[in-house]
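Encoded as structure tokens, the structure appears first; notes follow it.
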Amino acid sequence: MADEIFAPLKSGTDIRGIAVAGVPDEDVNLTDEVLSAISYGFATWLYENVTPQYGELYTVAIGHDSRISAERIKNAILPPLLDCGINVKDCGLSSTPAMFMTTVDFECDAAIEITASHHPWNKNGLKFFIRKGGLESADISAILSNAQYDIKPELPEDMPKGEVTVESYMNNYAAMLREKICEEVNADDYARPLRGFKIVVDAGNGVGGFYADKVLAPLGADIEGSQFLEPDGMFPNHMPNPENAEAMASISEAVRKNNADLGIIFDTDVDRAACVASDGKEINRNALIALASIIALEGNEGGTIVTDSVTSSGLKDFIEKDLGAKHHRFKRGYKNVINEAKRLNLEECVSCPLAIETSGHAAMRENYFLDDGAYLMTKIIIKAAILAKEGKKLESLIENLVEPLESAEYRIKILDPDFKEYGNKVISDLERYVKENVEYIFATDSFEGIRATKLSADGWFLLRLSVHDPILPLNIETNKAGGVDEILVDLKAFLSKYDKLDVSVLG
């Protein structure tokens, strides 16, 4: 099959595409034929890169989120794996973090989660895991190359076909989270340490409903007021996405309406999450990073917190001045942030207990550097329960965090076919402009694009090139009323000189 079929399916370290017809101008490209080729491509990659750990044959777990295309996709990728002598554990409805954990304690050599994260209902995709973690971008390229050229593993003629067993792992995963809460809260009632807590969960009709029913309720928590727990791949209420304003407004209102102690919201496949304080105020983005940092640094005092590049100046001050730790900004993309944290730990002997992106991807060293929304929320609930014994609220931990007065994000389209070269030229030119402009201070602690502070606006901007799309994302934050507009005037004047940039989004 042609390269133009497979190349568009690569999305960083995932495979994503259109799985369901019905949306104008979006043709299905995750067909059964394409999925079958990808499955053979993954089997080939597995034979070339992984040694089976639990017998002569490989065992691969397959799970999926609540999307309506999940069963069709599973049925398309199963036969090639079986043809290649790979046993499959069909785990059914599962979270992405749980699928990774099948490689840790469910005797699986690899795992596949069928998901497109927070993307619309008609999209879907594949995430691949081995015991070392999620596959890298180069691995996905290799799998797609195998699929394109119809490369299949060379197997002995007497190789038996693999077998399918239906074995849900989510009960095991929920039990692990419950046990962690019981052990660390150290309540008088070991079996029901959350008795008296009211926690509202919003699963957005994704996979996260299990957290209310199988983790919190058995431990005594009052989950009345929890919403959208039932899986529904059409996502009829709101997008399951902590970055979605409608979704966050919904969980905030649920907390206030039910007088809850805490609110929790998950994305579709539960690798991201955010929470809401008892007053209905969001603990998200910079605030979530601040709270996660406090928890991760316990026992790791003076450690390094790795975040993506768009985190605020107030967060940096909080981590370094209030917590006595180090803040290390890196490239956008949860995999970039996680890999940088791993590198610092392994190559530079830097104690780095947490890698976290403003989108809500949070990976703790103690948890295999797995971006796991349920695990992070579990750690936060443990902290809240311990604080409650002292008569304190969770939000008191981050009361010194200075949030920006104004913030904005713009996505500037690049109209040149070679968008990477054009975008990099714009950024290079802007860097020279900033360094020659006495009103700006060039930041040296950003690993992508250009970040600079304008003193008169009491704020900063970051212009970077999107990893995959012909877009220049622009973030601006200021602590002065009108500061965003002040910086925007400068940048619009500069960027308007480029005829292949659509700056209309800047107003």
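Name the residue, out of Lys480, Lys497, Lys492, that is in a loop (DSSP other than H, G, I, E, B), more than 17 Å from Thr358 (Cβ to Cβ) and either among the small types (Gly, Ala, Ser) or touching a helix residue (DSSP H, G or I) at 6+ places or on another chain (Cβ under 7 Å) (or both).
Just a single option satisfies the conditions, and that option is Lys480.
If you go through the range 6-33, how many residues are outside any loop (DSSP other than H, G, I, E, B) and in contact with a helix residue (DSSP H, G or I) (Cβ under 6 Å, 6 or more places away or on another chain)?
Count: 5.
For the range 153-168, what are the residues that are in a strand (DSSP E or B) and out of contact with any Cys (no Cβ under 9 Å at 6 or more places or on another chain)?
Passing the criteria: Val164, Thr165.
When the range 220-249 is examined, which residues are found to be surrounded by 23 or more Cβ atoms within 10 Å (Cβ to Cβ) and over 22 Å from the mean Cα position of the chain (by Cα)?
Ala221, Ser226
Taking Glu246 as meeting all but one of (1) more than 29 Å from Phe128 (Cβ to Cβ); (2) touching a residue at least 12 places away in the same chain (Cβ under 8 Å), write down the number of the exception.
It is condition (2) that Glu246 fails.
Please verify whether the range 450-462 includes one or more residues that are at pLDDT below 95, over 26 Å from His327 (Cβ atoms) and of a type outside the set (S, T, N, Q).
Within the range 450-462, not a single residue is at pLDDT below 95, over 26 Å from His327 (Cβ atoms) and of a type outside the set (S, T, N, Q).
Consider Asn300 against the criteria (1) touching a helix residue (DSSP H, G or I) at 6+ places or on another chain (Cβ under 7 Å); (2) surrounded by fewer than 22 Cβ atoms within 10 Å (Cβ to Cβ); (3) closer than 18 Å to Ile382 by Cβ: it satisfies all of them except one. Which criterion is unmet?
Condition not satisfied by Asn300: (1).
Please work out which residue is nearest to His238 (Cα to Cα), limiting yourself to the range 260-298 and to residues that are among the hydroxyl-bearing types (Ser, Thr, Tyr) and part of a loop (DSSP other than H, G, I, E, B).
The qualifying residue nearest to His238 (Cα to Cα) is Thr268.
Name the pairs whose Cβ atoms lie under 6 Å apart, with the first residue in the range 189-218 and modelled with pLDDT of 95 or more, the second part of a loop (DSSP other than H, G, I, E, B) and aromatic (Phe, Trp, Tyr), and 6 or more positions between them or separate chains?
Taking only residues 6 or more apart or on different chains, the pairs are Asp202/Phe228; Ala203/Phe228; Gly204/Phe228; Asn205/Phe228; Asn205/Phe235.
Give the range 443-474 a look and list any residue that's part of a strand (DSSP E or B), out of contact with any Asp or Glu (no Cβ under 7 Å at 6 or more places or on another chain) and aromatic (Phe, Trp, Tyr), or say none.
Phe461
How do the pairs read when you match residues in the range 1-29 that are exposed (fewer than 11 other Cβ atoms within 10 Å of the Cβ) with residues anywhere that are at pLDDT 95 or above, using Cβ under 6 Å and keeping only pairs 6 or more apart or on different chains?
Between residues of the range 1-29 that are exposed (fewer than 11 other Cβ atoms within 10 Å of the Cβ) and residues that are at pLDDT 95 or above, the close pairs are Ala21/Val28.
I'm trying to understand the selection: among the residues of the range 87-114, which are touching a His at 6+ places or on another chain (Cβ under 7 Å) and among the polar types (S, T, N, Q)?
Passing the criteria: only Ser94.
Specify which of the listed residues (Val201, Val207) is within 23 Å of Glu113 (Cβ to Cβ) and part of a strand (DSSP E or B).
Testing whether each residue is within 23 Å of Glu113 (Cβ to Cβ) and part of a strand (DSSP E or B) leaves just Val201.
Can you tell me which residue in the range 402-450 is surrounded by the fewest Cβ atoms within 10 Å (Cβ to Cβ), limited to those that are among the basic types (Lys, Arg) and over 28 Å from the mean Cα position of the chain (by Cα)?
Applying the filter and picking the extreme gives Arg432.
Is it the case that the range 158-168 has a residue that's in contact with a Lys or Arg (Cβ under 6 Å, 6 or more places away or on another chain) and within 30 Å of Phe210 (Cβ to Cβ)?
Within the range 158-168, one or more residues are in contact with a Lys or Arg (Cβ under 6 Å, 6 or more places away or on another chain) and within 30 Å of Phe210 (Cβ to Cβ).
State whether the residues of the range 227-239 include one that is of a type in the set (Asp, Glu) and not in a loop (DSSP other than H, G, I, E, B).
Scanning the range 227-239, I find no residue that is of a type in the set (Asp, Glu) and not in a loop (DSSP other than H, G, I, E, B), so the answer is no.
Take Thr102 and tell me if it is outside any helix (DSSP H, G or I), among the polar types (S, T, N, Q) and not assigned by TED's automatic domain parsing to the domain that holds Pro240.
no
Among the candidates Asp322, Asp317, Asp308, single out the residue that is in the same structural domain as Cys275 (by TED's automatic domain parsing), among the charged types (D, E, K, R) and surrounded by 23 or more Cβ atoms within 10 Å (Cβ to Cβ).
The unique qualifying residue is Asp308.
Looking at the range 155-185 only, could you name the residues that are free of Cβ contacts under 8 Å to residues at least 24 places away in the same chain and more than 25 Å from the chain's Cα centre (by Cα)?
Pro156, Glu157, Asp158, Glu183
The values are calculated or read from the model by the stated rules, or taken from the named source; none is laboratory data. All values derive from a computational prediction rather than experimental measurement. Heads up, the Cβs are rebuilt from the backbone with ideal geometry, glycines too, and the neighbour counts pull from every protein chain shown.
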